[in-house]
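Below is one structure, written out as structure tokens, with a few remarks after it.
Rule-based calculations on the coordinates, nothing more; no lab input. Since the model is a prediction, treat every value here as computed from it, not as a measurement. Positions of Cβ are generated from backbone atoms using ideal geometry, with glycine treated the same way; all protein chains shown enter the neighbour counts.
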Amino acid sequence: MAGPGGDVDWYTAPVRALFPITGVKVSRSLARRLRNGGFQVTFDQEFEAVVRGCFRPQGNWLTEDFVVAYTRAHQEGWGHSCEVWKDGVLAGGIYGLAVGQSFSAESMFHRVTDASKVALWTMVEQCRSLGFKAFDAQIMNPHLASMGAYEVTEREFLGLLKELRDQPTPWSQRRA
């Protein structure tokens, strides 16, 4: 996150929100949207556009330095995105970092109803198919809880990261 002075700082929360790698809880309306929504989905095609899509009109924790840092992580193979398109226009997306068999989603956005939910569902499915064992959503909120996220303590989370960080997937990089 960008700190008060605009510098990119790393934060950790005392409680982390994770999604079961078995999948996101799908409501009836989301199931209909997944079947009939007319969305097209890609991965890693417009990483920077997804990050920029997460900018808020006010109260941003994102900055240009943040975009540069995460775009570099993407170029190095750590950062990944899921883009959701509607009629050829970017409608939503999610991005994050892959470390070993753990994926940490940073943020998501939508410009069309349910596009961020489609992105989240698709990203969890993709991560599972690539051999990830953990999907970190970072900070719990009612929206994530409604889709099946659960909380673990920071200690549990750090133990999980230690266990998974050196286990490769096609999207993760080995630690130096």
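Of all the listed residues (THR71, THR169, THR63), the sole one being touching a residue at least 60 places away in the same chain (Cβ under 8 Å) and either of a type in the set (Gly, Ala, Ser) or in contact with a helix residue (DSSP H, G or I) (Cβ under 9 Å, 6 or more places away or on another chain) (or both) is THR169. The residues listed here are SER104, SER146, SER129, SER81; of these, the one that is polar (S, T, N, Q), more than 21 Å from PHE55 (Cα to Cα) and out of contact with any Lys or Arg (no Cβ under 8 Å at 6 or more places or on another chain) is SER129.
Restricting attention to the range 87-116, the residues that are of a type outside the set (S, T, N, Q) and more than 11 Å from the chain's Cα centre (by Cα) total 13. Per the conditions (1) outside any helix (DSSP H, G or I); (2) over 14 Å from the mean Cα position of the chain (by Cα), the sole criterion not satisfied by GLY159 is (1). Counting only residues that are touching a strand residue (DSSP E or B) at 6+ places or on another chain (Cβ under 8 Å), closer than 22 Å to GLY159 by Cα and hydrophobic (A, V, I, L, M, F, W, C), the range 103-149 holds 11 of them.
Under 14 Å from the mean Cα position of the chain (by Cα), under 19 Å from GLU125 (Cα atoms) and polar (S, T, N, Q), is that true of SER27? It is false that SER27 is under 14 Å from the mean Cα position of the chain (by Cα), under 19 Å from GLU125 (Cα atoms) and polar (S, T, N, Q).
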